[in-house]
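Report on one structure; see the data block that follows.
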């Protein structure tokens with residue numbers, strides 16, 4: 001593993017510690033205590049140091065999966081490493097599922113391929129090696145080897161850093177790793193955002209889709225779903241209801257919790273996959289978004305890796321709203337983890353929230369928080385911050401049904417124990433819309449769970465500001 | 001058995017007792033907010049505990065709250081957190097805890113001790129009066145608001161009947177809301193604020209000058225604590241201006257049960273008398289209705305409590321916008337200290353203007 005890649009992972013760990021753990025730990029995370037070394041060198045260190053092997057290849061299909069109790073939660077680790085050969089190594093804290101091997105001299109070595117796993121996750125090795133894409137050219141969660149092992153909802157990066165923080169705290173205190181973080185971990189963070197795909201329920205495409213749903217059962221020789229006609233009429237008469245008006249409702253509900261969010265706005269080409277509300281709707285919406293809430297760009301589908309179209313959309317937004325557009329997310333999450341980061345960075349985006357799955361909730365980069373992507377071709381860190389999406393509105397309900405809130409509660413409690421942030425996307429049209437009755441009240445319940453977990457809310461831009469400090 | 005003020009480090013035990021008893025999950029942050037952040041003696045909790053063998057077996061607390069009447073501002077205390085372990089009932093713990101506070105209230109010139117409860121008998125025995133009960137004004141937005149009316153199984157026939165009934169009442173309410181929607185006026189501005197302006201105290205004073213009676217003195221410090229720092233639900237705070245003159249506000253929220261709350265509303269006459277108070281009040285209640293509806297509430301409720309003229313006006317305006325009034329609520333309990341005798345109409349309780357801002361703040 002070359003030194004640029006080692007420095008990259010070290011830097012991402014350090015950033016994550018700075019954001020989600022107490023100050024003192026950041027000071028301890030330095031070369032005198034934590035060393036990233038080739039395996040053969042690592043196992044021969046005989047000092048009170050944490051040594052992370054950097055040259056063990058991590059296979060795509062996770063192997064040797066095991067669970068470990070840590071700080072009132074359970075960590076799931078994979079690609080287990082054998083105990084180093086030679087005398088004096090003890091597995092901690094539990095022989096069958098240890099987190100560390102410690103040498104009598106004090107040296108600590110993780111029991112799993114920490115570096116290899118994290119590097120693979122942050123650089124999306126799955127998506128490089130597996131070339132299958134869906135009809136929109138996206139990598140699907142259904143093709144992830146982690147899904148097969150039930151690991152998509154494991155924030156492996158957060159878990160690894162939490163373990164490291166525990167060890168750092170313990171090594172400084174008494175040369176033993178800690179398995180509890182106590183006050184070292186800061187409150188969990190939620191990064192709330194809303195893609196404003198539809199602002200008026202009477203737009204051509206929304207009404208056409210409803211009409212299609214009325215007639216669809218006929219193709220199966222069933223009665224048409226007449227109920228959908230009601231929504232066609234309803235939004236024809238009151239186009240803002242359940243869409244534009246929901247933006248006001250979302251802001252108010254977030255006020256109730258002391259939270260803020262980002263609204264991603266889509267302009268540019270009109271169409272099924274493009275904007276449906278036009279720039280006027282966006283200007284009207286921007287007027288009702290108060291201070292403390294942010295606006296960003298929802299990259300139009302047709303701007304995917306197309307500089308001229310991307311510029312045109314971004315410039316129009318900037319001109320009409322008189323704000324710099326620094327944050328964004330791809331419409332339909334149309335995103336290529338090998339090309340999009342550099343593209344966005346070179347086109348004025350500083351923080352992006354596109355990295356997520358369409359059909360599942362989970363940690364696409366194994367991380368709940370933010371990180372800088374890595375350019376594998378040129379071996380350098382890309383000047384962009386990515387906040388991967390963890391939870392998408394309809395996704396969590398489709399996946400977990402009535403247990404959606406319980407599933408979310410588990411996620412947030414887990415992040416509370418290990419530190420990090422959950423990026424949550426909720427579309428205005430899904431927030432309060434009787435047309436999507438299974439979604440009614442879901443956003444409110446998610447926020448109640450956040451409140452109960454003592455969550456802090458930050459927007460993508462505020463997190464960016466904090467990490468850049 | 002010892003009855004005394006709470007000591008450092010006992011907050012968690014008291015909060016645990018509350019959570020066990022009421023099957024809630026109140027956090028320590030919420031405990032601190034409601035009991036510690038008072039403006040009378042900041043960081044000194046007026047919180048008594050009954051302790052037996054190191055176990056907390058009873059709790060009782062006062063939340064100091066300023067009220068205002070024709071003679072000015074005075075201190076009162078809201079009684080909260082009354083709990084006695086059932087195994088210790090009949091041992092006068094309840095009375096002993098209150099006695100400690102009664103002494104405190106007399107010494108510090110608190111005028112009233114008040115609260116809302118369903119358990120009135122024990123309080124009557126220690127000279128609390130029960131002058132009125134809270135009642136509800138309610139406007140349904142959805143048949144899901146049935147939980148407001150019926151606690152029965154969601155699949156039961158009764159619930160179904162409630163839903164059908166609610167469906168019909170919704171139609172009536174919606175029609176009234178559309179028909180009586182207050183028109184917009186150029187000289188009126190409504191703003192959502194994240195901090196109460198300094199003038200709110202003056203508006204409160206003007207309110208009492210206009211209507212008389214007694215109510216909580218809402219100054220910017222009070223709103224900061226009660227609304228903006230509320231760790232349960234921070235109400236949406238909207239102010240109304242005629243030209244640039246602040247003439248009132250409305251606070252609304254979405255409760256954990258999905259029902260909107262009209263937490264507080266208060267309006268005074270603008271100095272040029274351009275608009276009637278009734279019109280201004282209608283604008284504010286309408287804001288709360290549309291605001292909570294857009295938040296996805298299944299309905300909105302508020303309180304109607306006394307015959308205070310403004311409370312009666314709220315009921316009238318709310319009904320014109322499609323609200324229903326029904327009898328369901330808690331008994332108000334009020335204890336008058338000796339200081340009360342120095343104030344005008346101290347024994348007249350029906351002149352209190354009470355909104356949901358008098359509650360602990362769990363729903364906003």
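Laboratory data are not the source of any read-out in this text; all were calculated from the coordinates shown. Being a predicted model, the structure only gives us computed values, none of them experimental. Backbone-built Cβ (ideal geometry, glycine too); neighbour counts: all protein chains shown.
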| request: Please report how far the C-alpha centroid of the stretch B:303-328 lies from that of the stretch B:190-239, rounded to the nearest whole angstrom. | output: 20
| Estimated 222 nm signal from helices in chain B, with DSSP H stretches of n ≥ 4 weighted -39500 (n - 2.57), rounded to 500 | -9500 deg cm²/dmol
| task | Compute the long axis of helix B:309-320 from its Cα atoms, compare it with the longest principal axis of the Cα atoms of chain B, and write down the angle in degrees, 0 to 90, nearest 10. | result | 50
| query | Mind ordering A:71-79, A:141-149 by average Cβ neighbours within 10 Å, highest first? | reply | A:71-79, A:141-149
| field | Helix axis angle, A:3-20 relative to chain A longest principal axis, alpha carbon, degrees | value | 70
| note | Computed D for the stretch A:424-469, Stokes-Einstein, Kirkwood radius over alpha-carbon pairs, 25 °C, 0.890 mPa s, to the nearest µm² per second, is 197
| note | So for the stretch B:1-65, using the alpha carbon gyration tensor with a ≥ b ≥ c as root eigenvalues (a/c under 1.5 gives rounded; past that, a/b versus b/c decides prolate or oblate), I'd call it oblate
| Any idea how far the Cα center of the stretch B:260-274 sits from the one of the stretch B:15-54, in Å? | 34
| task | Compute the separation of the alpha-carbon centres of the stretch A:426-469 and the stretch A:316-343 and state it in Å as a whole number. | result | 21
| query | Mind checking which of B:232, B:22, B:162 has the largest fluctuation in a GNM of chain B, springs on alpha carbons under 10 Å? | reply | B:22
| Per-peptide average of other Cβ atoms within 10 Å, ordering B:61-70, B:89-98, A:215-224 highest first | B:61-70, B:89-98, A:215-224
| field | For B:218, A:138, order by how many other beta-carbon atoms lie within 10 Å, fewest first | value | A:138, B:218
| request: Run the numbers on chain B and let me know its relative contact order in percent, using alpha-carbon pairs under 8 Å that are six or more apart. | output: 22
| query | Relative to the compact globular guide of 2.2 N^0.38 Å, what is the alpha carbon radius of gyration of the stretch A:318-469, as a ratio? | reply | 1.10
| message | Could you order the peptides B:182-191, B:323-332 from most to least packed, using the average number of other C-beta atoms within 10 Å per residue? | response | B:323-332, B:182-191
| field | Choice from B:84, B:305, B:333 with maximal GNM fluctuation in chain B (Cα, 10 Å cutoff) | value | B:84
| remark: Quick note on A:448, A:250, ordering by fewest other C-beta atoms within 10 Å, gives A:448, A:250
| Cβ neighbours within 10 Å from other chains - mean over B:292-305 | 4
| note | Per-residue average of other protein chain Cβ atoms inside 10 Å, peptide A:245-257 -> 6
| query | What is the helix-to-structure angle for A:156-174, meaning the angle in degrees between its Cα long axis and the longest Cα principal axis of chain A, kept from 0 to 90 and rounded to the nearest 10? | reply | 40
| Quick one: if the Förster radius is 22 Å, what FRET efficiency do residue A:132 and residue A:376 give, using the C-beta to C-beta distance and rounding to 0.05? | 0.65
| query | Of the residues B:131, B:197, B:86, which exhibits the maximal mean-square fluctuation in a Gaussian network model of chain B defined by a 10 Å Cα contact cut-off? | reply | B:86
| Plugging the Kirkwood radius over Cα pairs into Stokes-Einstein for the protein assembly as shown, at a temperature of 4 °C and a viscosity of 1.567 mPa s, what D comes out in µm²/s? | 44
| Cα gyration tensor category, rounded, prolate or oblate, for the stretch A:54-123 with a/c compared to 1.5 | oblate
| Does chain A come out rounded, prolate or oblate by the C-alpha gyration tensor, with a ≥ b ≥ c the root eigenvalues, rounded set by a/c under 1.5 and, if not, prolate when a/b is larger than b/c and oblate if not? | prolate
| message | From the mean inverse distance of alpha carbon pairs (Kirkwood) and the Cα radius of gyration, derive Rg over Rh for the stretch B:173-251. | response | 1.03
| task | For peptide B:26-37, compute the average count of partner chain beta-carbon atoms within 10 Å of each residue's beta-carbon. | result | 1
| residue A:64/residue B:19 FRET efficiency (R0 30 Å; Cβ-Cβ; nearest 0.05) | 0.15
| field | chain A, relative contact order in percent, only Cα pairs under 8 angstrom and at least six apart counted | value | 18
| field | chain A, helix-only ellipticity at 222 nm - DSSP H runs n ≥ 4, -39,500 (n - 2.57), divided by all residues, nearest 500 | value | -11500 deg cm²/dmol
